[in-house]
Amino acid sequence: MEKIRLQYIDLLKFFSILAIISIHAFMVWRDSQILGFDIYAFCEICRFGIPVFIMVSGALLLNRNIEIKPFLQKKVKRLVYPFIFFYILTFIFLVLMHKTHDQMQIFAFRWYFWMILGVYLSIPIINKFIQHSSIKEIEYFIALFIFATIFYQVTYYFNLEQYFYLTLFLSPLGYLVLGYYLSIKDFNLSPNKMISICIILFITSTLIKSCGELHLIPLVDNFIANQSKMLHSWVDVGFFEIVQSASMFLLCKNIYDSRDGVYSYINRFLQSNLIQKFIISISKASYGIYLINLIPTVLFYYYLQPLSLTGTQICIVIFTISISTLIMSWIVILIFSKIPFIKDLSGYA
């Protein structure tokens, strides 16, 4: 019997994988400009992708009855086998194309795999904390997570020497706990009010992050976790990234509860049979899509990036290839999921 699916979780995974693909498309034209601004700075609108995926894991896996051995066998198998399969597939593709890529080092290839593997190894421990904690204690953990991001951001910016050790909270585990908390938290606001607040927070945090990337607001200039070896990670743990990711999470959570106003039309559109099936299928294929999308990214880098394009044309191309890459990758993963002996390697859940 198929398990009951949470619609907002599938929607979050849909938007997150599209956001990740878009970031990779932006990276192809990392040095390009439009109206004197770096185009790459505008990819901040997509930065919620990885944090939201971690938050989804927290929402789905925490506060469960977990036996360590069966849990790790199931999750590690589902992560590792597709990773190895797509690593070999991508390696063969690059050899046939006579190309090289710095991410083909086994410990660099698809860094999200290594990060989420570490998260899954930690879940049985974090789960015990969640199971035996009150809401106030979970909020205390999240408060330290948020405070640490602000504290280290300020000390980094002003180059202040400090020995206040809260770096434990500057990790993907903060997003894991945050995702669980937001999945169970009732803010006692109507869905439409929550959606409106989330839209405002998402736009505001994205603008601030973009201005930081453009060096217009120095204090938020490119604060991500890898600014020191102690905090090394590609997961953005800045305060505004937390706001952006949390607002996206709550927006998707509440959109399905809207019964009136303009948001209700979006709700009805999302719940239409065809759209609902499409979102669920993308959600199921999201891990495989993530693993395979290096191949089209390499093609874009070598064959589209050298073209002489204006800033406006580049923005149109980025939008177009993001959507087309999502669709093409989804179709490939869907086909793989139907082939015996390969379906378990396809990353289709």
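Report yes if some residue within region 73-85 is under 17 Å from Tyr175 (Cα atoms), loosely packed, with under 15 Cβ neighbours inside 10 Å and either under 23 Å from the mean Cα position of the chain (by Cα) or not β-branched (Val, Ile, Thr) (or both); otherwise report no.
Checked region 73-85: no residue is under 17 Å from Tyr175 (Cα atoms), loosely packed, with under 15 Cβ neighbours inside 10 Å and either under 23 Å from the mean Cα position of the chain (by Cα) or not β-branched (Val, Ile, Thr) (or both).
Just need a number here: residues in region 289-329 that are under 13 Å from Leu18 (Cα atoms) and among the aromatic types (Phe, Trp, Tyr).
The qualifying residues number 2.
Could you tell me which residue of region 102-112 is modelled with the highest pLDDT, considering only residues that are part of a helix (DSSP H, G or I) and either open to solvent by 50 Å² or more (accessible area, probe 1.4 Å) or among the basic types (Lys, Arg) (or both)?
Among those that are part of a helix (DSSP H, G or I) and either open to solvent by 50 Å² or more (accessible area, probe 1.4 Å) or among the basic types (Lys, Arg) (or both), it is Trp111.
From the list Val243, Val237, Val298, which residue is at pLDDT 95 or above, surrounded by 13 or more Cβ atoms within 10 Å (Cβ to Cβ), under 24 Å from the mean Cα position of the chain (by Cα) and more than 19 Å from Phe14 (Cα to Cα)?
Val243
Determine, yes or no, whether Lys99 is among the charged types (D, E, K, R), in contact (Cβ under 8 Å) with a residue 24 or more places away in the chain and assigned to a loop (DSSP other than H, G, I, E, B).
yes
Of all residues in region 246-267, how many are open to solvent by less than 20 Å² (accessible area, probe 1.4 Å), farther than 18 Å from Leu6 by Cβ and in contact with a helix residue (DSSP H, G or I) (Cβ under 8 Å, 6 or more places away or on another chain)?
Of the residues in region 246-267, 1 are open to solvent by less than 20 Å² (accessible area, probe 1.4 Å), farther than 18 Å from Leu6 by Cβ and in contact with a helix residue (DSSP H, G or I) (Cβ under 8 Å, 6 or more places away or on another chain).
Out of region 1-31, which residues are surrounded by fewer than 20 Cβ atoms within 10 Å (Cβ to Cβ) and not in a helix (DSSP H, G or I)?
The answer is Met1, Glu2, Lys3, Ile4, Arg5, Leu6, Arg30, Asp31.
Touching a Lys or Arg at 6+ places or on another chain (Cβ under 9 Å), surrounded by 15 or more Cβ atoms within 10 Å (Cβ to Cβ) and within 28 Å of Leu121 (Cβ to Cβ): is that true of Ser171 in this structure?
no
Starting from residues that are out of contact with any Phe, Trp or Tyr (no Cβ under 8 Å at 6 or more places or on another chain) and free of Cβ contacts under 8 Å to residues at least 40 places away in the same chain, keep the ones in region 275-295 and report whichever is most open to solvent (accessible area, probe 1.4 Å).
Step by step, filter region 275-295, then rank; the result is Lys277.
Across region 155-168, what is the total count of residues that are part of a helix (DSSP H, G or I) and surrounded by 12 or more Cβ atoms within 10 Å (Cβ to Cβ)?
Residues in region 155-168 being part of a helix (DSSP H, G or I) and surrounded by 12 or more Cβ atoms within 10 Å (Cβ to Cβ): 4 in total.
Just checking, how many residues over region 113-132 are more than 20 Å from the chain's Cα centre (by Cα) and open to solvent by less than 30 Å² (accessible area, probe 1.4 Å)?
4
Out of Ser308, Ser322, I need the residue that is of a type outside the set (Val, Ile, Thr) and either at pLDDT 95 or above or part of a helix (DSSP H, G or I) (or both). Which one?
Result of the check over Ser308, Ser322: Ser322.
The values are calculated or read from the model by the stated rules, or taken from the named source; none is laboratory data. Keep in mind the model is a prediction, meaning the values are calculated, not measured. Here Cβ is always computed from backbone atoms with ideal geometry, including for glycine, and neighbour counts include all displayed protein chains. These area figures cover heavy atoms from the full protein model, side chains too; ligands, DNA and RNA do not enter into them. Shrake-Rupley method; radii C 1.70, N 1.55, O 1.52, S 1.80 Å.
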